[in-house]
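Student: The structure that follows is given in the form of structure tokens.
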Amino acid sequence: MSRTTIADVAREAGVAKATVSHALSGNRPISEETRAKVLAAAEKLGWVPSQSARALANRRANAVAVVLARDPEVIANDSFFPAFIAGVESVLSETETALILQVVPDREAEERAYRSLSHGRADGAILLDLRDDDWRVPFLDDLELPTVLVGAYDGPHPFSCVRTDDATPIRDIIAQLREAGHERIAHVSGPLPYVHSRARAEAYLDAVGGDDRLLREGDFTAASGRALTADLLALPDRPTAIVYANDTMAIAGLSYARAQGLSIPADLAISGFDDDNLSAHLTPALTSVSSDPAARGRAAARLLRADILGAEPRTEVVDCNVVHFRESTSNTQNTAPTVSRRTP
């Protein structure tokens, strides 16, 4: 039996051979409908283009990268990262583009990683964990490496950006806690240099009138969630509710509070963020914010693919944060309805 060729795919899809090539390489814009027809035809015929030949023709690596300067323990236990990577991969797989994931211990190693990427290892990068005045933004600009920023970064930059609203869900949770009668509401944040952690902390401070006496800075680990919960509960006038910046810290805090004999939510209301797969199945079920990391990953990959092909940088707002009110913030077994907020 003869080998399937690009001509066979073109014939099956009812398009020219050049269109098949453009659909897979992205060298020229084509409609999503046409691209879908080409991909369906290729799948039906079992045709796979030569990865090395396409990379040589495009003078590209056919790879994009994510570099993470985080403790591997945090990455392993945070539900955000696998979902985000899955979203990125779902887009990259359409053009058989590889994803390079590199974890580094410090800035020096991170600089080396980006320099290596810019020397041909990857065609572009996706930048996570943005900080105020992030040194990586001008650094990657100098390297001329196409980059997509994921987060509400407000500093000057020449890159495409995926933004979400981290503030509104925190305000919604605190409003519900206020309605339930809570006056002493604490917040265990993530590292405040991160722009998403700062946005949530600022929303908390705004909602409680600027009083930061019950604000504690965590690091997204269970250990920090437990330690900071212990600190807050040891106060003479302890909080009656704690809003955590992720579910890992919230679950650790919930466990500690129950070990101290507190009833959740009668003695202490608790909420998280990111809606870990376990959160809805805890007893009591944890109020949390589903942030759809996969949607952000897909948006980042699409923008980066366009940037690599020479598109003008643009910002995409992903409306994905949804608050799920559950028993951990409600004194009844009937949870309040899910609240969805659109980013302004």
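The values are calculated or read from the model by the stated rules, or taken from the named source; none is laboratory data. These numbers were taken from a predicted model, which means no experiment stands behind them. Positions of Cβ are backbone-derived with ideal geometry, glycine not excepted, and every protein chain shown enters the neighbour counts. These accessible areas exclude ligands, DNA and RNA; they are computed on the full protein's heavy atoms, side chains included. Shrake-Rupley method; radii C 1.70, N 1.55, O 1.52, S 1.80 Å.
Student: Identify all residues within the range 147-159 that are surrounded by fewer than 24 Cβ atoms within 10 Å (Cβ to Cβ) and over 25 Å from LEU205 (Cβ atoms); write none if there are none. It would help to see each step written out before you state the result.
Tutor: Going residue by residue through the range 147-159, those that are surrounded by fewer than 24 Cβ atoms within 10 Å (Cβ to Cβ) are 151-159.
Result: PRO156, HIS157, PRO158, PHE159.
Student: On to the next question. For the range 165-201, what are the residues that are assigned to a loop (DSSP other than H, G, I, E, B) and open to solvent by less than 30 Å² (accessible area, probe 1.4 Å)? Show your work before the answer.
Tutor: Taking the range 165-201 first, the residues assigned to a loop (DSSP other than H, G, I, E, B) are 165-166, 180-184, 190-193.
Passing the criteria: ASP165, ASP166, HIS182, GLY190, PRO191.
Student: Among the numbered criteria (1) out of contact with any strand residue (DSSP E or B) (no Cβ under 9 Å at 6 or more places or on another chain); (2) under 13 Å from VAL67 (Cβ atoms), which single criterion is violated by PHE80?
Tutor: With (1) out of contact with any strand residue (DSSP E or B) (no Cβ under 9 Å at 6 or more places or on another chain); (2) under 13 Å from VAL67 (Cβ atoms) applied to PHE80, the lone miss is (2).
Student: Follow-up. Looking at the range 138-145, can you tell me whether even one residue there is touching a helix residue (DSSP H, G or I) at 6+ places or on another chain (Cβ under 6 Å) and under 16 Å from ARG296 (Cα atoms)?
Tutor: no
Student: Could you please find all residues in the range 147-176 being out of contact with any strand residue (DSSP E or B) (no Cβ under 6 Å at 6 or more places or on another chain) and among the basic types (Lys, Arg)?
Tutor: Result: ARG171, single match.
Student: Open to solvent by 10 Å² or more (accessible area, probe 1.4 Å), β-branched (Val, Ile, Thr), modelled with pLDDT under 95 and in a helix (DSSP H, G or I): is that true of THR283 in this structure?
Tutor: no
Student: Would you mind stating whether LEU145 is part of a loop (DSSP other than H, G, I, E, B), modelled with pLDDT of 90 or more and more than 21 Å from SER291 (Cβ to Cβ)?
Tutor: Values: part of a loop (DSSP other than H, G, I, E, B): yes; modelled with pLDDT of 90 or more: yes; more than 21 Å from SER291 (Cβ to Cβ): yes.
When the stated conditions are applied, LEU145 passes them.
Student: Considering only residues that are within 19 Å of HIS182 (Cα to Cα), open to solvent by less than 40 Å² (accessible area, probe 1.4 Å) and free of Cβ contacts under 8 Å to residues at least 60 places away in the same chain, which ones fall in the range 252-280?
Tutor: Scanning the range 252-280 gives ALA257, LEU262, LEU268, ILE270, GLY272.
Student: Would you pick out the residues in the range 265-280 that are under 24 Å from PHE80 (Cβ atoms) and outside any helix (DSSP H, G or I)?
Tutor: ALA269, ILE270, SER271, GLY272, PHE273, ASP274, ASP275, ASP276, ASN277, LEU278
Student: Taking the options SER52, SER21, name whichever one is open to solvent by less than 60 Å² (accessible area, probe 1.4 Å), of a type outside the set (Val, Ile, Thr) and at pLDDT below 75. Show your work before the answer.
Tutor: Details: SER52 fails: open to solvent by less than 60 Å² (accessible area, probe 1.4 Å).
Every option except SER21 fails the conditions.
Student: Condition check: in contact (Cβ under 8 Å) with a residue 24 or more places away in the chain and over 20 Å from the mean Cα position of the chain (by Cα). Does ALA113 satisfy that?
Tutor: Numbers: in contact (Cβ under 8 Å) with a residue 24 or more places away in the chain: yes; over 20 Å from the mean Cα position of the chain (by Cα): yes.
In short, yes.
Student: I want to confirm something. Restricting to the range 212-251 and keeping residues that are part of a loop (DSSP other than H, G, I, E, B), in contact (Cβ under 8 Å) with a residue 40 or more places away in the chain and not small (Gly, Ala, Ser), which single residue is most open to solvent (accessible area, probe 1.4 Å)? Can you show your working first?
Tutor: Initial filter on the range 212-251 (part of a loop (DSSP other than H, G, I, E, B)): 212-214, 218-221, 234-240, 245-246.
Subset that is in contact (Cβ under 8 Å) with a residue 40 or more places away in the chain: 219-221, 237-240, 245-246.
Of the ones still in play, those that are also not small (Gly, Ala, Ser) are 219-221, 237-240, 246.
Values: ASP219: 72, PHE220: 14, THR221: 19, ASP237: 94, ARG238: 62, PRO239: 0, THR240: 32, ASN246: 3 Å².
Filtering the range 212-251 for residues that are part of a loop (DSSP other than H, G, I, E, B), in contact (Cβ under 8 Å) with a residue 40 or more places away in the chain and not small (Gly, Ala, Ser), the one most open to solvent (accessible area, probe 1.4 Å) comes out as ASP237.
Student: Then there is this: State all residues of the range 73-112 that are part of a loop (DSSP other than H, G, I, E, B) and either of a type in the set (Gly, Ala, Ser) or open to solvent by 40 Å² or more (accessible area, probe 1.4 Å) (or both); if no residue qualifies, say none.
Tutor: Within the range 73-112, SER79, GLU96, PRO105, ASP106 meet the criteria.
Student: For the range 113-138, how many residues are open to solvent by 50 Å² or more (accessible area, probe 1.4 Å), under 16 Å from LEU149 (Cβ atoms) and assigned to a helix (DSSP H, G or I)?
Tutor: Here the count works out to 1.
Conditions (1) of a type in the set (Ser, Thr, Tyr); (2) at positive phi, marked per residue:
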residue: TYR114; (1), (2): yes, no
residue: GLY120; (1), (2): no, yes
residue: GLY151; (1), (2): no, yes
residue: VAL162; (1), (2): no, no
residue: ASP165; (1), (2): no, no
residue: LEU192; (1), (2): no, no
residue: HIS196; (1), (2): no, no
residue: LEU205; (1), (2): no, no
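Student: Ok, one more. Could you list all residues from the range 313-334 that are surrounded by fewer than 17 Cβ atoms within 10 Å (Cβ to Cβ) and at pLDDT below 90? Break it down into steps so the answer makes sense when it comes.
Tutor: Taking the range 313-334 first, the residues surrounded by fewer than 17 Cβ atoms within 10 Å (Cβ to Cβ) are 313-317, 319, 331-334.
Hits for the range 313-334 are ASP319, ASN331, THR332, GLN333, ASN334.
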